[in-house]
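Since the structure comes first, as structure tokens, the remarks are kept for the end.
The values are calculated or read from the model by the stated rules, or taken from the named source; none is laboratory data. This is a predicted model, so every value here is computed, not measured. With ideal geometry, Cβ positions are generated from the backbone for all residues, glycine too; neighbour counts draw on all protein chains shown. Areas reflect the complete protein model, heavy atoms only, side chains present, ligands, DNA and RNA absent. Shrake-Rupley method; radii C 1.70, N 1.55, O 1.52, S 1.80 Å.
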Amino acid sequence: MALVLADRVRDTTTTTGTGTVTLSGTAPTGYQTFGAAIGNGNTTYYTIAGGSQWEVGIGTYSSTGPSLSRDTVLASSNSDSLVPFSAGTKLVFVTYPAEKSVNYDAAGNVNINITGNAA
């Protein structure tokens, strides 16, 4: 299982609660599906957004369903915990979370957010 990043990957879900979300399996015009871009069994950074509820995390895509598990929550509207999503359609898309980013500051220095032990 690899971490896969891809641009313009988007789907929807009507799943409620805090479990794995079932995806519609289709992408709007101009976007890729999770299946085509991420691939079965691979992980990715995701956002789920519906109304005032949102969650950013790391999930694993499965072609069965198709679905996206919510393995690690990085940030959310529920105090950075799993969001118990309510009824309605939510957007699900691949993202690149700020806390996982590597970037240049204004002076041209590379900034890397490191947590835990760095060897």
| task | Kindly check whether there is at least one residue in region 77-90 that is touching a strand residue (DSSP E or B) at 6+ places or on another chain (Cβ under 6 Å), surrounded by fewer than 19 Cβ atoms within 10 Å (Cβ to Cβ), part of a strand (DSSP E or B) and not small (Gly, Ala, Ser). | result | no
| What residue, of Thr47, Thr15, is modelled with pLDDT of 95 or more and in a loop (DSSP other than H, G, I, E, B)? | Thr15
| said: Which numbered condition in (1) polar (S, T, N, Q); (2) in contact (Cβ under 8 Å) with a residue 40 or more places away in the chain; (3) within 30 Å of Ile112 (Cα to Cα); (4) open to solvent by 20 Å² or more (accessible area, probe 1.4 Å) is the only one that Thr47 fails? | reply: (4)
